Every structure is written in structure tokens, then in C-alpha cells.
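Everything below concerns the one structure shown next.
The values are calculated or read from the model by the stated rules, or taken from the named source; none is laboratory data. Keep in mind the model is a prediction, meaning the values are calculated, not measured. Here the Cβ is made from the backbone with ideal geometry for all residues, glycine too, and neighbour counts use every protein chain on show. To get the accessible areas, we keep the full protein, side chains included, count just its heavy atoms, and leave off ligands, DNA and RNA. Shrake-Rupley method; radii C 1.70, N 1.55, O 1.52, S 1.80 Å.
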Amino acid sequence: PSDNALGFVVWLLIIYCVAIAACSWLGGWIPTRWQLGHRQTQLILSFVCGVMLGVGLLHLLPHSIGVLDDVQLAMTAALVGLMFMFFMIRLFHFHHHDTAQENADAHDAACDHIDHQHEIKRSDISWTGLAIGFSVHTLIDGVALAAAVQAGWLNDNWFAGIGVFLAIALHKPLDALTITSVMAARGWALPRQRLVNLLFALMCPAGALLFASGLATMDQGQQFILGVSLAFSAGVFLCISLGDLLPEVQFHAHDRLALSGMLLLGVAIAVGLEWIPGHAH
């Protein structure tokens, strides 16, 4: 893009990063004021799952194929991203979004399955695993955001990266909420909780900055790195939506209609983003 367009890309990325950091910080702040109910959490998870699923398939992956002009390479990179995130989740068990033990206890009888997140909460969660898992996951989110914004501007798209931004902005508060909830349960002092929450909120902007600055210094191979990063991020989004978030809500006998409706609403929003002028692939 031209110098003016490049300047706008930088400012757009900054705006996205600031908004995501604010959303993440707010999510971590919530447990210090009140606790979300089990039903509220599940409805939010179902909605976010739909958004991430749609963004991965309709935005990140098509962008990657367009940039690389190689379907096989794009799908391979997406598979690598999916498997990478799967083993991250399996190794560190860092996703569990119910915020209160009593919320889970109150709904055990209503659920027709043993909530694996509840079981994780009962076990001795590794703080190191939680920190590493969320940090790597969030840095990848930053890479996905920067890659989507830069790829969008290859087509002079004034709404570059909006789908990825929306998916991250909706998901980060849940991650931050998990971190501060675990810290509170382990007796961490409130100032330390706030400090960790602030540092976590800055992780996604850090990932975006590192990727964007690194890509800018490359004399060649930018298209390849950009395309592979988009596909890898698509695989990550698909793994989180289908392998992590959806299993948390799909077996609930109660609120089945509401949960399905929120899932479809999330997908509909991702589809609707394609109607933004200049955004369709």
C-alpha cells in the first residue's frame, strides 16, 4: 500500500489493540466486583464460539488462500495451527471459564454431563501452565490481528481485520476473567491480581507489534509469512471454537435452545461482516 495507506494501517492496528486491551482488562476486573452465573457464562461462550468459527472459516482462511495463491499450503498451515493449539490446551489445560465453584455446584444436577471445566477447577490447576498457555495463545491472537489487518490492506479494505478484532475482543475478557478468578481462589492479593491482569491485557498488542514490526523489516518473503500466519491463525481459531468452547456448551440439556441460538447468532455476525463494502473475499 501507499505511505498514506500504510499510516492508516498502523493507526487501525493501534485502535484495535487499545480496544482489545481494554476489553481484556475489563474481563479480569469483573470478578473483583461480581461473579457471572453459570448460565450467563455458557451463553457467552456459545456466542463467542460462533464468532470464532465463522471468522476462522470465512475471513482468515480465505485471506490466506488469496495471499498465498496456494490452497494446499494454506490448508497445511491451518492444520498445523489447529494441532498446535490442541496440544497447548491438552498440555496446560488453560481454558476454563466458569468463575465460581458454587455456580458449577448449583448446575451439576441440571447438566447431563460431567463438566470437564468443573473437574479442572476441582483439581490443582498449575499456575505456570495457566500463565504459559494463555500467554502463547494471546500472542498468537496478536499475530492473527496484525496479519489480518495487513492482508486486508492489500485489497484497500478500510475495514481490514474487523472480523478477527471482533473475535479477539469478545474472547479475551473470558480469558482474563479465568486468570483473575484462579488468582482470587488461590488467595493472591488484589494489587497482584490487577498487575497480572494489566500485563495479560498487553499481551495481544505485544504479539501484534512484534509481528508487524518483524514483517516490515523483511525485504522479501512478506507474502509467504503473511499468508502462512493467516492460515495458522485460522487453525487456532477453529481449534478454540470446536475443540475448546463448543464442548463446554454442547452437552447441556438445559438451555439447549438458548445456547444454540447464541451459537447461530455468533456465526451470523461473522457472515454479516462479509457484507461490509470491500470486505468480501
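Just a few scattered comments:
- Leu36, sole failed condition from (1) out of contact with any Phe, Trp or Tyr (no Cβ under 6 Å at 6 or more places or on another chain); (2) part of a helix (DSSP H, G or I); (3) at pLDDT below 80: (2)
- Any hit, the range 15-24, residues being modelled with pLDDT under 80 and assigned to a helix (DSSP H, G or I): no
- Among the conditions (1) on the phi < 0 side of the Ramachandran plot; (2) without any contact (Cβ under 8 Å) to a residue 12 or more places away in the chain, Asp69 misses just one, which is (1).
- Among the conditions (1) modelled with pLDDT of 85 or more; (2) closer than 19 Å to Ala151 by Cα, the only one that Ala270 does not satisfy is (1).
- Evaluated against (1) open to solvent by less than 50 Å² (accessible area, probe 1.4 Å); (2) in a helix (DSSP H, G or I); (3) more than 22 Å from Leu26 (Cβ to Cβ); (4) modelled with pLDDT of 70 or more, Leu145 falls short on exactly one condition, (3).
- Candidate set: the range 204-231, residues that are assigned to a helix (DSSP H, G or I) and open to solvent by 50 Å² or more (accessible area, probe 1.4 Å); chosen: the one farthest from Leu263 (Cα to Cα): Ala216
- Restricting attention to the range 38-76 and to residues that are among the β-branched types (Val, Ile, Thr) and open to solvent by less than 10 Å² (accessible area, probe 1.4 Å), the residue that is farthest from Ser229 (Cα to Cα) turns out to be Thr41.
So that you can scan it fast, the table gives a plain yes or no per residue for (1) free of Cβ contacts under 8 Å to residues at least 12 places away in the same chain; (2) of a type outside the set (S, T, N, Q):
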| position | (1), (2) |
| --- | --- |
| Ile162 | no, yes |
| Leu166 | no, yes |
| Ala169 | no, yes |
| Thr178 | no, no |
| Gly187 | yes, yes |
| Pro191 | yes, yes |
| Ala206 | no, yes |
| Phe211 | no, yes |
| Leu215 | no, yes |
